[in-house]
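Report on the structure given below.
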Amino acid sequence: MGIFVVANRKLKTILKDAMVYAVSDWRNFLILGLILVLTDHVTDLNSVYTIGSISDVLIIASIVGVITVLSFIEIGYGFRIVEETVEGSTSPPGFHHPLNLFVHGIKESLILIVYFILPLILLIVGIFEFATFTNLDLGLFMEYALIIGLVIFFICFNIMMQGAILTMAHHDGSIRWGFNMPQVFEKIRKVGLKNMLLVTIITGIVFYIVKQLIFNALQGIPYLGSTVGQLIGTVLVAPFLMIFTTRLLGLIDVPYE
């Protein structure tokens, strides 16, 4: 039996692995970047149109359809990275069988909704209902308490969502296994709560701090322009960060001898 990554030395190993992995196949890297660019630009195009005729409705419907398909393929590709990583793959997967990617994207989106978005909405509504019912007004303290509560909530439910995704990855992407709570908790136990928490923190830092800093820096380069900077970030930075974080999630479920 191998042991899962816990030591700092092994953390450095998997971080290096995830970084090298992310840039080891430029073909698929750029395809993912193209999908991200198309999704962003098609979304911008959708905001230009106003409904004035049947043709406008059809155009907007087509744009929404393209955005939906590309978004689910993007999400499905992330799941395929996790799935192949836990199976021992050392190179990024291709975009073959796009229908399969689309279906897996829908499944992972359902996991996100059930494990994260719905509980978040219920939590926020519950807090405000409680404050209204009790006429509670703690001012600044209440704001800090709410922020801390949301951070704790994010960490807990993100770990559960990661456990569900890893469980699905071991069962051909079956969504039934993603909602099998005993198996999800067992997966979290086996992988290690510490490792799950570590990936959650790294993912949060990467997407909410590092990504924003890099995009702002690119858009602020003189003579480059914000549009070109945004384009470069979407094609080169965003795919790297996505592949890196999904690979990292898969790696904590790979035993080291």
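The values are calculated or read from the model by the stated rules, or taken from the named source; none is laboratory data. Remember, it's a predicted structure, so these values are computed and weren't measured experimentally. Because the Cβ atoms are built from the backbone with ideal geometry, glycine has one as well, and the counts that use them run over all protein chains shown.
Would a scan of the stretch 28-42 turn up a residue that is surrounded by fewer than 12 Cβ atoms within 10 Å (Cβ to Cβ), assigned to a helix (DSSP H, G or I) and either acidic (Asp, Glu) or modelled with pLDDT of 60 or more (or both)? No, there is no match, as no residue in the stretch 28-42 is surrounded by fewer than 12 Cβ atoms within 10 Å (Cβ to Cβ), assigned to a helix (DSSP H, G or I) and either acidic (Asp, Glu) or modelled with pLDDT of 60 or more (or both). Of all the listed residues (Val228, Val254, Val235), the sole one being modelled with pLDDT under 90, touching a Leu at 6+ places or on another chain (Cβ under 9 Å), aliphatic (A, V, I, L, M) and surrounded by fewer than 18 Cβ atoms within 10 Å (Cβ to Cβ) is Val228. The residues listed here are Phe215, Phe153, Phe141, Phe185; of these, the one that is in contact with a Pro (Cβ under 8 Å, 6 or more places away or on another chain) and either at pLDDT 80 or above or over 27 Å from Asp40 (Cβ atoms) (or both) is Phe153.
What do you reckon, is Ile188 within 15 Å of Lys107 (Cα to Cα) and touching a Gly at 6+ places or on another chain (Cβ under 8 Å)? Criteria not met by Ile188.
Assess whether Met168 counts as being assigned to a helix (DSSP H, G or I), touching a residue at least 60 places away in the same chain (Cβ under 8 Å) and either surrounded by 13 or more Cβ atoms within 10 Å (Cβ to Cβ) or of a type in the set (Asp, Glu) (or both). Walk me through it before giving the result.
Values: assigned to a helix (DSSP H, G or I): yes; touching a residue at least 60 places away in the same chain (Cβ under 8 Å): yes; either surrounded by 13 or more Cβ atoms within 10 Å (Cβ to Cβ) or of a type in the set (Asp, Glu) (or both): yes.
Criteria met by Met168.
Considering the stretch 173-190 alone, what residues qualify as being of a type outside the set (Val, Ile, Thr) and part of a helix (DSSP H, G or I)?
Matches in the stretch 173-190: Arg176, Trp177, Gly178, Met181, Pro182, Gln183, Phe185, Glu186, Lys187, Arg189, Lys190.
From the list Ser55, Ser71, Ser47, Ser24, the one residue that fits, being outside any loop (DSSP other than H, G, I, E, B) and modelled with pLDDT of 80 or more, is Ser71.
Is it true that some residue in the stretch 112-132 is assigned to a helix (DSSP H, G or I), modelled with pLDDT of 85 or more, within 25 Å of Pro255 (Cα to Cα) and under 18 Å from the mean Cα position of the chain (by Cα)? So far as the stretch 112-132 goes, no, none of its residues is assigned to a helix (DSSP H, G or I), modelled with pLDDT of 85 or more, within 25 Å of Pro255 (Cα to Cα) and under 18 Å from the mean Cα position of the chain (by Cα). Between Gly88, Gly94, the distinction of being over 23 Å from Ile35 (Cα atoms), touching a residue at least 24 places away in the same chain (Cβ under 8 Å), not in a helix (DSSP H, G or I) and not aromatic (Phe, Trp, Tyr) belongs to Gly88 only.
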